[in-house]
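The values are calculated or read from the model by the stated rules, or taken from the named source; none is laboratory data. Predicted model only: the values in this text are computed from it and were never measured. Cβ: placed from backbone, ideal geometry, glycine included. Neighbour counts: every protein chain shown.
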Amino acid sequence: MKAYLAIISARFRMLLQYRAAALAGLGTQVFWGLIRLMIFGAFYAMPSAKSAPMSWPQVVSYIWLGQATLMLLPMWQDAEVRNMVRDGSVGYELARPLDLYSLWFARSVASRTAPTLLRSVPLVIVAGLFFGLQFPASLAAAAGWILSMFSALLLSCAISTFVLITTLWTVSGRGITDLTGPCVWIFSGIMLPLPLFPEWMQSLINFLPFRGLLDIPFRIYTGNIPLNEFAGAIGHQLLWTAALILLSRWLLALGTRKLTIQGG
Amino acid sequence: MLNALKLYFRYAGVSIRSQLQYRASFAMTTLGHFLLNVITFVSIWALFNRFGNVRGWTLAEVGLFYGIVNTAFAIAEMFGRGFDIFPPMVKGGQFDTLLLRPRSTILQIFGLEFQLMRVGKLAQGLLVLIWSIANLSIAWSAAKILLLLAAIFGGVCLFTGLFVLYATVSFWTTESLELFNTVTYGGVETTQFPLTFYQPWFRAIFTYVVPLACINYFPAHVILERHEELGTSVAFQAASPLIGVIFLIVALQIWKLGVRHYRSTGS
């Protein structure tokens with residue numbers, strides 16, 4: 001355990017070096033948030049908005065939280081391990097006296113939390129002061145949100161590590177990664193808050209793991225998911241996380257048995 | 001000139017062949033680009049599906065905006081992404097190699113990369129464009145077809161101009177600027193919807209600074225024969241795609257200035 005914590009803290013310190021990038025990212029995300037806000041605002045100005053499943057203030061908070069925790073999504077892959085598979089240095093990884101899955105998982109945790117923290121804190125302050133991001137709906141919602149955010153982090157890492165392991169099969173390591181992006185993009189809620197999709201799509205959306213990445217924590221935060229449904233929602237996140245970890249471990253065991261190391 | 005074109009096609013051919021080396025990955029990447037764009041349109045559709053028409057705009061009309069800007073962006077990305085990998089070349093000093101060759105730097109950088117995988121994006125943009133045209137009752141004339149093509153062409157020029165500017169900035173600062181992603185991707189996102197959705201300061205950015213409105217919002221009004229809410233004249237709307245071409249010409253001049261200013265960092 002100590003070894004993995006050391007890996008997390010080392011990666012964390014490395015990523016925190018990129019403060020200028022974080023500042024530029026802040027500007028970009030405020031800009032994007034504003035575009036979103038104006039587009040959704042035009043729709044919410046219509047009389048039909050009265051029957052929408054989310055109120056306007058809820059949508060505003062949802063959009064800003066989405067911009068704040070964008071870096072948490074498993075769309076941005078850790079290029080390091082991908083290149084290791086490609087150029088053969090993954091052999092060193094196998095030689096380390098550590099469990100490979102836990103190693104990659106720990107790396108993923110670090111590379112998601114550091115940039116997310118760095119970007120979200122200033123963004124939340126700016127959005128809260130000037131652009132209508134509200135406080136959590138209640139104290140219970142705040143507690144549920146923190147718990148659910150943490151589950152979202154684990155889920156995101158489980159998904160990205162799963163994708164990473166599939167690169168053991170495709171050498172250039174881009175294909176599956178590029179297909180995960182679109183799924184995350186639409187089914188996490190970052191493009192469009194999930195309750196706004198048509199009713200007939202909801203059962204599919206509710207089944208898939210991706211809503212655990214953003215939609216569940218944000219709807220708990222805004223009070224769109226009531227207190228009595230917290231357990232079910234967070235349970236959904238944790239179940240998928242566990243399932244993906246088991247599947248990935250099995251795939252990894254299979255993959256390392258037949259792995260060809262490139263180069264020499 | 002002909003010789004330059006021939007050389008460019010050689011460059012592009014090499015780039016395409018190298019991309020096709022990883023065939024399965026290539027197919028999935030292309031599909032990924034296609035899907036990513038389909039998703040954007042699905043979410044626009046979902047909004048219309050839930051809220052109905054917005055300020056008198058239908059989904060098919062918004063599809064026209066979407067189709068023009070995305071088609072133009074996809075084509076520009078295919079040709080112009082070489083400028084994207086340019087900043088690290090300045091940083092590493094590899095740009096010197098290009099300067100030594102007896103060809104224009106612009107040609108060589110265009111030739112650095114031809115991103116074939118953007119056909120996924122292009123196909124989606126065209127599909128939406130065709131779908132929207134099929135669902136709109138437009139009285140087509142030769143002039144309107146020409147204007148539609150001009151709008152797409154103007155858009156390609158404008159986006160290419162942005163890529164060139166992005167590369168040019170790296171002569172002065174070797175930090176790549178996220179700002180440019182904001183105006184390219186952000187611009188595409190913005191101009192998928194009518195300009196009047198946005199606040200005045202925001203409209204001003206995409207009319208005067210990065211004139212994306214000139215390659216879809218204004219010409220689309222002529223094609224749809226719709227009264228423009230901001231009160232511009234039809235003549236201006238019809239001529240506005242030209243601004244994209246002017247933008248590219250200006251960008252190329254700034255590029256030449258940058259090349260003259262260039263001092264190698266390499267050692």
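With respect to A:ALA127, determine if the residue is of a type in the set (Gly, Ala, Ser) and part of a helix (DSSP H, G or I).
yes
Within 23 Å of the chain's Cα centre (by Cα) and within 14 Å of chain A (Cβ to nearest Cβ): does that describe B:ILE44?
Against the criterion (within 23 Å of the chain's Cα centre (by Cα) and within 14 Å of chain A (Cβ to nearest Cβ)), B:ILE44 qualifies.
Checking B:PHE95 against (1) touching a residue at least 40 places away in the same chain (Cβ under 8 Å); (2) more than 21 Å from the chain's Cα centre (by Cα); (3) surrounded by fewer than 20 Cβ atoms within 10 Å (Cβ to Cβ), which single condition isn't satisfied?
Result: B:PHE95 passes all but (3).
What residue, of A:TRP145, A:TRP185, is within 14 Å of chain B (Cβ to nearest Cβ), of a type in the set (Phe, Trp, Tyr) and part of a helix (DSSP H, G or I)?
Only one candidate passes the filter, namely A:TRP185.
Can you tell me which condition B:VAL209 does not meet? The list is (1) surrounded by 13 or more Cβ atoms within 10 Å (Cβ to Cβ); (2) within 19 Å of B:ALA76 (Cβ to Cβ), and all the others hold.
Answer for B:VAL209: the failing condition is (1).
I'm trying to understand the selection: among the residues of region B:169-187, which are more than 10 Å from chain A (Cβ to nearest Cβ) and either of a type in the set (Ser, Thr, Tyr) or more than 30 Å from B:GLY92 (Cβ to Cβ) (or both)?
Within region B:169-187, B:SER170, B:THR173, B:THR174, B:THR184 qualify.
Please return the ranges of helices (runs of 4 or more DSSP H) entirely within region A:1-81 where 1 or more residues are more than 14 Å from every other protein chain (Cβ to nearest Cβ) and crowded, with 16+ Cβ neighbours inside 10 Å.
Result: A:2-15, A:56-68.
Whether any residue in region B:101-110 is under 24 Å from the mean Cα position of the chain (by Cα), modelled with pLDDT under 90, closer than 18 Å to B:CYS157 by Cβ and surrounded by fewer than 17 Cβ atoms within 10 Å (Cβ to Cβ) is what I want to check.
Looking through region B:101-110, at least one residue is under 24 Å from the mean Cα position of the chain (by Cα), modelled with pLDDT under 90, closer than 18 Å to B:CYS157 by Cβ and surrounded by fewer than 17 Cβ atoms within 10 Å (Cβ to Cβ).
Based on what the data block shows, is B:PHE180 at pLDDT 90 or above and either hydrophobic (A, V, I, L, M, F, W, C) or closer than 23 Å to B:CYS157 by Cβ (or both)?
So B:PHE180 fails the test.
From A:SER111, A:SER120, A:SER89, which residue is among the small types (Gly, Ala, Ser) and modelled with pLDDT of 85 or more?
Just a single option satisfies the conditions, and that option is A:SER120.
Would you mind stating whether B:ARG55 is within 14 Å of chain A (Cβ to nearest Cβ), closer than 26 Å to B:ILE215 by Cβ, of a type in the set (Lys, Arg) and touching a residue at least 60 places away in the same chain (Cβ under 8 Å)?
So B:ARG55 fits the description; yes.
Filter region A:193-226 down to residues that are among the aliphatic types (A, V, I, L, M) and crowded, with 22+ Cβ neighbours inside 10 Å and give me whichever is nearest to the other protein chains (Cβ to nearest Cβ).
Applying the filter and picking the extreme gives A:LEU194.
Please tell me if B:PHE65 is within 14 Å of chain A (Cβ to nearest Cβ), crowded, with 20+ Cβ neighbours inside 10 Å, touching a residue at least 60 places away in the same chain (Cβ under 8 Å) and within 28 Å of B:ALA150 (Cβ to Cβ).
Spelling it out, B:PHE65 is indeed within 14 Å of chain A (Cβ to nearest Cβ), crowded, with 20+ Cβ neighbours inside 10 Å, touching a residue at least 60 places away in the same chain (Cβ under 8 Å) and within 28 Å of B:ALA150 (Cβ to Cβ).
Please verify whether B:GLY32 is surrounded by 15 or more Cβ atoms within 10 Å (Cβ to Cβ) and either facing another protein chain (nearest Cβ under 10 Å) or not in a helix (DSSP H, G or I) (or both), treating the condition exactly as stated.
Yes.
In region B:68-114, how many residues are of a type in the set (A, V, I, L, M, F, W, C), assigned to a helix (DSSP H, G or I) and more than 30 Å from B:LEU146 (Cβ to Cβ)?
7
Checking A:PHE135 against (1) buried (at least 22 other Cβ atoms within 10 Å of the Cβ); (2) away from chain B (no Cβ under 14 Å); (3) free of Cβ contacts under 8 Å to residues at least 60 places away in the same chain: exactly one of these is not met. Which one?
Checking A:PHE135 against (1) buried (at least 22 other Cβ atoms within 10 Å of the Cβ); (2) away from chain B (no Cβ under 14 Å); (3) free of Cβ contacts under 8 Å to residues at least 60 places away in the same chain, the one that fails is (1).
Between residues in region A:222-247 that are within 14 Å of A:ALA152 (Cα to Cα) and residues that are of a type in the set (Lys, Arg) and surrounded by 13 or more Cβ atoms within 10 Å (Cβ to Cβ), which pairs lie under 8 Å by C-beta distance while being six or more apart or on different chains?
So the pair list comes out as A:ALA233/A:ARG219; A:HIS236/A:ARG211.
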